[in-house]
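Okay, structure first, notes after.
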Amino acid sequence: MRTRTQALIIWTVLSLTLGTAPRAFDAPLTSPGFLVIAPDRGYLGNEEIRAIWEDFRKGYRTRLVFISLAEDFEREVHVTLEGAVAEMQREGAKEIVLIPLVLSEADPHLKKARDLLATAEIRIGPVLGRDLLAGQILEDRVRALAKEPHEERLVVIGFGATTREEAETMTRDLQALASEVQETLHLADTAVAVFDHGQAPDAVRDHDNQLAEETILRAVESTDFCALVTPFHLGFKHTASMRLGRRVEALIRGLSVAYDGRELLPDPLVARWLRKVANLYTPVRREDLAVVVMTHEAGEYYNERILTALEPLRRKYNLEVAFGMADPDTLEAAIDKVEAGGARRIHVLRLYHISLSLNQDTAYVLGLSNTRGDMGHMRKNGPSRVRSGALLSTSGGFDDHPLIAEILFHRALEVSQDPVRETVILLAHGAGKDEDDRFWIEQMERQAEFIRAKAPGNFRAIKVATVREDWPDKRERAVADVRKMVEDAQRDGGRALVISNRIAGAGPYRRFLAGLDYVLNDQGIAPHPNLTRWIEEQIEAWIKTQLAAADPSWARQK
């Protein structure tokens, strides 16, 4: 018996060395080794996991180990784990990071891996269930089923507990995901049922599984709502007939439900999640950093001015443009492009006048916050958030930056003839919320101070205003105030210079000021060398923080 066990161990180690050696990867030489652990689901289930891992391993030093909960194979699991760690260390990994391909911290497969590696110096990465991408997978499943969300109840089915405490924690974790989807899609209700693993004690398993079945039946037999039954787990899947789904399908057969039997896998977002976790621990290099410039879209000629300002920067940075207002589709398309170009960390730079503009919306769409902004991003079709394997961040807004103030100064000089008779009016779009609009005015007042200090001759006055053009109830008053400002500037032989403080063009200003005598500079901010400089300044500031965070000595050396 001892000889047979020793042979099994030798074969396991050899299989690690010969059968699962990673392909060449494009990662820093100091990159950690990533030990991906996953439940042993049986043949078909493990093949699904291998397919995801094969995609991931192309860019990282990694090993995949299946965790069996059966006591019969505990020694083999232990040897395989230690062999995987040793292999990556021999390849040069100075650090080992365990990536747990499970949905909950309470998952017994993660607990077992931790116990077996208790003496090893490894870091434990976050579980999939805590990540935005898990919620996006579930959202996709539900979108495919939902027809009248406000009349439908989501029923999420989990699997894998071996104790009552594990089942309760896994239920709470799945409920958190279900609640997020409920809010996004406006579902009427949610319910969660968790089946136990086969290795749970008989009494516990029988009790929990009966409870899970009762929960499902109560949810689907209710006459109040139509049930959307969605398995969301990494349960056993030996063959097409030997799988957890058969039990669920038998339970709901003949009932009026909408059912999605795809479970958690297969789904390409899981591979993105693996990359995302790995990128948390991969040393930062300048060549791994990219930028997406997000700006308002307003047609070919407006867009062309922005592209002209960005063109010199495309030769220096991995950079793309996302035209739109925190739109998940355009943002994800741009993010996908720079990620395909090697980006592991991506900064979304918001090209807007004030830092408040679309700040919350962008943070929500990028998964940096669970607080929706004013736009809400409540969509009937398509994903509500960006799906990426890169680490994302955002910043933006000109506020009172002197580079932008200097552009406005140049625009005033372009139409000025006799400064002592001229009143310069910096005119901007404005915001809906009163506090946001006041903030916008405050930033323009500082821009006006800059112009006063720079002007070679003293303008009669420099004033600022917004028209709040997207909010009819506030626009009427704002436009009336601007018209009076123009009329006042004409008194005593004066001349009004209206400077469009917009990215490009003058929008509706001619219509708002129809019938008045004034001079309009409708150029806007783009293109201008200072706009290009501002963008590059923001990019370099972000890059500096990324490199400094990765290596605190870098900031001192530079």
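The values are calculated or read from the model by the stated rules, or taken from the named source; none is laboratory data. Treat the numbers as computed from the prediction; the structure is a model and nothing was measured. As a convention, Cβ positions derive from the backbone with ideal geometry for all residues, glycine included, and neighbour counts pool all protein chains shown.
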Please identify the pairs in which a residue from the stretch 73-99 that is closer than 16 Å to ASP40 by Cβ has its Cβ atom under 6 Å from the Cβ atom of a residue that is among the hydrophobic types (A, V, I, L, M, F, W, C) and part of a loop (DSSP other than H, G, I, E, B), counting only partners at least 6 apart or on another chain. LEU81/LEU117
SER222: passes all of (1) surrounded by fewer than 23 Cβ atoms within 10 Å (Cβ to Cβ); (2) under 22 Å from PRO39 (Cβ atoms); (3) touching a residue at least 60 places away in the same chain (Cβ under 8 Å); (4) not acidic (Asp, Glu) but (2)
Selected residue [surrounded by fewer than 23 Cβ atoms within 10 Å (Cβ to Cβ) and under 33 Å from the mean Cα position of the chain (by Cα)] from ARG164, ARG247, ARG172, ARG205: ARG172
If a residue counts only when it is touching a strand residue (DSSP E or B) at 6+ places or on another chain (Cβ under 9 Å) and either basic (Lys, Arg) or farther than 22 Å from LEU531 by Cα (or both), which helices (runs of 4 or more DSSP H) contained entirely in the stretch 291-384 have at least 3 such residues? 328-340
Tell me, which residue of the stretch 292-324 that is in contact with an Asp or Glu (Cβ under 8 Å, 6 or more places away or on another chain) and among the hydrophobic types (A, V, I, L, M, F, W, C) is farthest from HIS429 (Cα to Cα)? LEU313
Residue that is surrounded by fewer than 18 Cβ atoms within 10 Å (Cβ to Cβ), in the same structural domain as ILE441 (by TED's automatic domain parsing) and modelled with pLDDT of 95 or more, where the choices are ARG421, ARG411: ARG421
Here is a check on your reading of the model: is ALA448 touching a residue at least 60 places away in the same chain (Cβ under 8 Å), small (Gly, Ala, Ser), in contact with a strand residue (DSSP E or B) (Cβ under 7 Å, 6 or more places away or on another chain) and buried (at least 16 other Cβ atoms within 10 Å of the Cβ)? no
Which of the residues belonging to the stretch 331-352 are crowded, with 17+ Cβ neighbours inside 10 Å and without any contact (Cβ under 8 Å) to a residue 24 or more places away in the chain? LYS337
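I'd like to know if the stretch 454-468 contains one or more residues that are under 18 Å from LEU358 (Cα atoms) and in the same structural domain as LEU408 (by TED's automatic domain parsing).
yes
Just the residues that are among the basic types (Lys, Arg) and in a strand (DSSP E or B), please, taken from the stretch 109-141.
ARG123
Given the residues ALA144, ALA193, ALA106, ALA178, which is the only one that is surrounded by 21 or more Cβ atoms within 10 Å (Cβ to Cβ) and in a helix (DSSP H, G or I)? Steps first, please.
Numbers: ALA144 fails: surrounded by 21 or more Cβ atoms within 10 Å (Cβ to Cβ); ALA193 fails: in a helix (DSSP H, G or I); ALA106 fails: in a helix (DSSP H, G or I).
Of the residues listed, the single one that is surrounded by 21 or more Cβ atoms within 10 Å (Cβ to Cβ) and in a helix (DSSP H, G or I) is ALA178.
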PHE66 meets each of (1) modelled with pLDDT under 95; (2) surrounded by fewer than 23 Cβ atoms within 10 Å (Cβ to Cβ); (3) not in a helix (DSSP H, G or I) with one exception, condition (1)
